[in-house]
Amino acid sequence: MSKFVVVVIDSFGVGAMDDVPQVRPQDAGANTCGHILQHVPQLRLPVLEKLGLINALGFTTGNLAHSPSAVYGTADLQHEGGDTFMGHQEILGTRPQPPLTMPFSAVIDEVEQSLMIRGWQVKRVGSTLQYLWVNEAVAIGDNLEADLGQVFNVSANLNAITFDEVRAIGEVVRHCVQVGRVIAFGGRLENSQQLHDAAEEKEGIYIGINAPRSGVYQHDFQVVHMGYGVDASVQVPQKLHEANVKTVLVGKVADIASNPYGVSYQNLVDTQRIMDLTLKELQGTGDVFICTNIQETDLAGHAQDVARYAERLQVVDQNLERLMNAMQPDDCLVVMADHGNDPTIGHSKHTREKVPLLVWQSGITPASLGARTTLSDVGATACDFFSAAAPQNGTSFLPLLKPRSQTTGGNHV
């Protein structure tokens, strides 16, 4: 009975992808990991160092060094841009398709009418560009942190409306639109005017609420991500269910990925709580696939807060040691990211970066996994690990994982 654990440090990229000059020139020079280590040279991350973080980064900086015992590589983003939702769908084995792009202004009429039909009180705010204001507590408009035009936000003051109501509003929006993601979220604000005060326009086309500036992340933040056009039947959770392997999703991945037959710990942000739940599931019985997302690093990136990002990395590092100490010989750990979010690059959006791919198992032989072309290789490896059918996308790197001594247990490492 074995565990395959994937810990996604949200936004922890290791350098701009080769296509950035052509497709995302605003991300030229981005390197979330490298720049954080350079700006906080005293930062110590002994477990990530041992796992091969510097090996994946490709150069030595700060207090961290190359690890001779690491199994490491990097993975490119196959999806366009750098998106948490599509990044996790890709990790779980979806072959990314080009996203639909449109401003909220293209659908504002339909969304407004649908909400009013269902009894919500709806106003428009703005002159040339407008967002919707619902029940004096919820703003609906363009997401300004992700790639513009691909995500719509439903931002709420949870002191004035319940999260269940915010979710219901989000479901109405989701029904009306075909962009890749609708995010319904909120936090406790002193007053709803904070949402209006954080309204911004971009490129003369997009209008929405600057979520970090609004303050919604700071107190009792809750969120649900509603995707479009993702076929869960080709993904890892379904393939593992068919092989009688339990799937556990912890943190933001539980909010954005389908897992109808498994266990999903949703609406969690606190890193320590997320890692505690991951450890608890690791210590359970039976074959289990666990995928955990650490969101607070991404939030620090959006806030362009290098110190906060570094502090959250230390919490992750300490908890990775707890996981590794609890792992049995047949268990396997993968530490990775889903994109970048360089807090030093000069903008607050995700950055299109390759991500580290760090693998650990007791007694494993050091190895290079090379430069993988898609995040889906992790999902394909998880299915291979449990002898399950492959997901839609990805190539397993399980054959590259060599134990120093022969282990038992089917095709497990």
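Would you confirm, using the coordinates I've provided, whether residue 129 is over 30 Å from residue 323 (Cβ atoms), touching a Ser or Thr at 6+ places or on another chain (Cβ under 9 Å) and part of a loop (DSSP other than H, G, I, E, B)? Here the answer is yes, as residue 129 does meet what is asked. Scanning the range 5-58 for residues that are among the small types (Gly, Ala, Ser) and under 19 Å from residue 299 (Cβ atoms) gives 11, 13, 30.
Taking the stated definitions as given, is residue 114 more than 27 Å from the chain's Cα centre (by Cα) and assigned to a helix (DSSP H, G or I)? Reasoning before the result, please.
Values: more than 27 Å from the chain's Cα centre (by Cα): yes; assigned to a helix (DSSP H, G or I): yes.
So residue 114 fits the description; yes.
Among the residues of the range 342-354, the ones that are modelled with pLDDT of 95 or more and buried (at least 24 other Cβ atoms within 10 Å of the Cβ) come to 6 in all.
Based on what the data block shows, is residue 409 surrounded by fewer than 23 Cβ atoms within 10 Å (Cβ to Cβ), at pLDDT below 95, in the same structural domain as residue 78 (by TED's automatic domain parsing) and small (Gly, Ala, Ser)?
no
Here are 357, 369, 323: which of them is crowded, with 24+ Cβ neighbours inside 10 Å, over 17 Å from residue 245 (Cβ atoms) and touching a residue at least 24 places away in the same chain (Cβ under 8 Å)? Full working, then the answer.
On the way: 369 fails: crowded, with 24+ Cβ neighbours inside 10 Å; 323 fails: crowded, with 24+ Cβ neighbours inside 10 Å.
Within the list 357, 369, 323, the selection yields 357.
Considering 111, 154, 125, the condition of being of a type outside the set (S, T, N, Q), out of contact with any Gly (no Cβ under 6 Å at 6 or more places or on another chain) and crowded, with 21+ Cβ neighbours inside 10 Å is satisfied by 111 alone. Look at the range 339-354: where a residue is in contact (Cβ under 8 Å) with a residue 40 or more places away in the chain and aliphatic (A, V, I, L, M) and a partner is crowded, with 24+ Cβ neighbours inside 10 Å and part of a loop (DSSP other than H, G, I, E, B), sitting 6+ places away or on another chain with Cβ atoms under 7 Å, you get 345/30.
Of the residues that sit in the range 365-378 and are assigned to a loop (DSSP other than H, G, I, E, B) and hydroxyl-bearing (Ser, Thr, Tyr), which one is nearest to residue 83 (Cα to Cα)? The selected residue is 374.
The values are calculated or read from the model by the stated rules, or taken from the named source; none is laboratory data. Fair warning: this is a prediction, and the values are worked out from it, not measured in the lab. Ideal geometry is used to build each Cβ from the backbone, glycine not excepted, and the neighbour counts take in all protein chains shown.
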